[in-house]
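What follows is a set of notes on a single structure, which appears directly below.
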Amino acid sequence: MVIYGIALLGICTLAGLFFGELLGSLFGINANVGGIGIAMFLLMYFSSSLNTRFKIGDVSEKGITFWSMIYIPIVVAMAAKQNVVGALDGGLMALMAGIVVVSVSFMFIPIISNFKKR
Amino acid sequence: MDIIQEVLVKNNLITAFVFVGLTVYMAYLISDKFTQGRFHGSAIAIILALLFAYFVGVSTNGEKGVADIAILSGVGILGGSMLRDFAIVATAYGAKFSDLRSSGAAGVFSLFFGVILSFLLGAMVAIAFGYKDPVSISTIGAGTVTFVVGPVTGSAIGATSDVIALSIAAGLVKSILVMTITPIVAKKIGLDNPKSAMVFGGLMGTNSGVAAGLAAVDPKLVPYGAMTATFYTAVGCLIVPSLLFFLVGLFF
């Protein structure tokens, strides 16, 4: 049943976000601490143990892979609802800050990624 | 006309599916016809969407891009954090524990390094633009961490509302730049494996920027980048108003 896959995805997402909120209030900050990361761990755990022991089944699996594939259209919708005017209206300083941070951060990606190879 | 509009508004989420579908179709058409497929269709779709958001924002004075138009209000639901998070979690299906473990250390390092680096660079730009008090410098630095950390820090340390608004703008610029530039520079910076994706998520941190940037490069890398990015704002909220603000206070 396709709903089993969606429900499993839902359980993982909700549980992850719950623990994220819990961690946030533990640290005393009003933010979700790694909720999505925890949810992803849960889903990876279930998908690997389901494959070996229970077999979630091809049809149920589609309930998860559908949402994984609809991810890019969701990102396009997310881009379409950004406050682009607000970003450009922040003036030269906001633009400069963004440009400097993004370009320097990009330069560090290959450096940190190659740390262990040396 | 009224009847058409009523149907579109009443079923706004379905209208949003059609809107996004048409946008993606246009993007792939542009990708094929004008760049021979060299510039990825999803990257063009995201840029088109940002352009729409800009033009609608200019005419409506709203803050929610195209979602401020009644018939496109569903785009706000489809692109909102609920479905975005749901879909990001779904991308983890099939991701490998072994990849996470082998690059976990680099991911965690990039997370703290990324927050501190963004803060310092943002603070330096603020100083270069003539800010001299530690509260404003720290708030603008916090904004370049993410547009959530900016206002969280600003209200915690008592920044004025115009400085908080600036910090949000700086964070928005960062997020939009990451969305658009990532697919262009991906090859040059070696963003093609789980490890560099985790480092990318940790260094950039902006959830929407990382999500969109990786989607346009290789959807298989999304879970790895999202995994570190999900901790970024939290690390920022933890260390910026406390440790980093304290450090700025030592100098100003």
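Applying the criterion of being polar (S, T, N, Q) and under 12 Å from B:Ala92 (Cβ atoms) to the residues of region A:56-71, the residue that is farthest from the other protein chains (Cβ to nearest Cβ) is A:Thr65. Within region B:9-20, the set of residues being farther than 12 Å from B:Val75 by Cβ and either assigned to a helix (DSSP H, G or I) or of a type in the set (Lys, Arg) (or both) comprises B:Val9, B:Lys10. Taking the criterion of being more than 7 Å from chain A (Cβ to nearest Cβ), part of a helix (DSSP H, G or I) and crowded, with 24+ Cβ neighbours inside 10 Å, the residues of region B:191-216 that qualify are B:Ala197, B:Met198, B:Gly201, B:Gly202, B:Asn207, B:Gly209, B:Val210, B:Gly213, B:Leu214, B:Ala216. What number of residues in region B:37-93 are among the aromatic types (Phe, Trp, Tyr) and without any contact (Cβ under 8 Å) to a residue 24 or more places away in the chain? So the answer is 4.
Counting only residues that are more than 16 Å from B:Val125 (Cβ to Cβ) and facing chain A (nearest Cβ under 9 Å), region B:142-164 holds 2 of them.
Among the candidates B:Thr160, B:Thr144, the residue that is surrounded by fewer than 22 Cβ atoms within 10 Å (Cβ to Cβ) and closer than 25 Å to A:Asn83 by Cα is uniquely B:Thr160. The one condition from (1) more than 16 Å from the chain's Cα centre (by Cα); (2) of a type in the set (A, V, I, L, M); (3) not assigned by TED's automatic domain parsing to the domain that holds B:Cys237 that B:Leu50 does not meet is (1). Of the residues making up region B:18-46, those that are within 9 Å of chain A (Cβ to nearest Cβ) and surrounded by fewer than 21 Cβ atoms within 10 Å (Cβ to Cβ) are B:Gly21, B:Val24.
A:Ser48 satisfies every condition listed in (1) small (Gly, Ala, Ser); (2) at pLDDT below 85; (3) more than 22 Å from B:Met198 (Cβ to Cβ) except (3).
Do we have B:Leu121 as of a type outside the set (Ser, Thr, Tyr), within 19 Å of A:Phe106 (Cβ to Cβ) and without any contact (Cβ under 8 Å) to a residue 40 or more places away in the chain here? Criteria met by B:Leu121.
Against the list (1) touching a residue at least 24 places away in the same chain (Cβ under 8 Å); (2) under 19 Å from the mean Cα position of the chain (by Cα); (3) part of a helix (DSSP H, G or I), the condition B:Phe147 fails is (3). With of a type in the set (S, T, N, Q), assigned to a helix (DSSP H, G or I) and free of Cβ contacts under 8 Å to residues at least 12 places away in the same chain as the only criterion, which of A:Ser25, A:Ser60 stands out? So the residue among A:Ser25, A:Ser60 that is of a type in the set (S, T, N, Q), assigned to a helix (DSSP H, G or I) and free of Cβ contacts under 8 Å to residues at least 12 places away in the same chain is A:Ser25. When region A:93-118 is filtered for residues that are more than 7 Å from chain B (Cβ to nearest Cβ) and at pLDDT 90 or above, the ones remaining, listed by number, are A:Ser103, A:Met107, A:Ile111.
So that you can scan it fast, the table gives a plain yes or no per residue for (1) more than 24 Å from B:Phe52 (Cβ to Cβ); (2) of a type outside the set (D, E, K, R); (3) at pLDDT below 95; (4) in the same structural domain as B:Gly236 (by TED's automatic domain parsing):
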| site | (1), (2), (3), (4) |
| --- | --- |
| B:Leu172 | no, yes, yes, yes |
| B:Ser175 | no, yes, yes, yes |
| B:Ile184 | no, yes, yes, yes |
| B:Leu191 | yes, yes, yes, yes |
| B:Phe200 | yes, yes, no, yes |
| B:Gly205 | yes, yes, yes, yes |
| B:Ser208 | no, yes, yes, yes |
| B:Ala211 | no, yes, yes, yes |
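Annotation: of all residues in region B:75-84 being surrounded by fewer than 24 Cβ atoms within 10 Å (Cβ to Cβ) and in contact with a helix residue (DSSP H, G or I) (Cβ under 6 Å, 6 or more places away or on another chain), the one that is farthest from A:Leu9 (Cα to Cα) is B:Gly76.
The values are calculated or read from the model by the stated rules, or taken from the named source; none is laboratory data. Everything numeric here is computed off the predicted structure, so don't read it as measured data. FYI the Cβ positions are ideal-geometry reconstructions off the backbone, even for glycines, and counts take in every protein chain you see.
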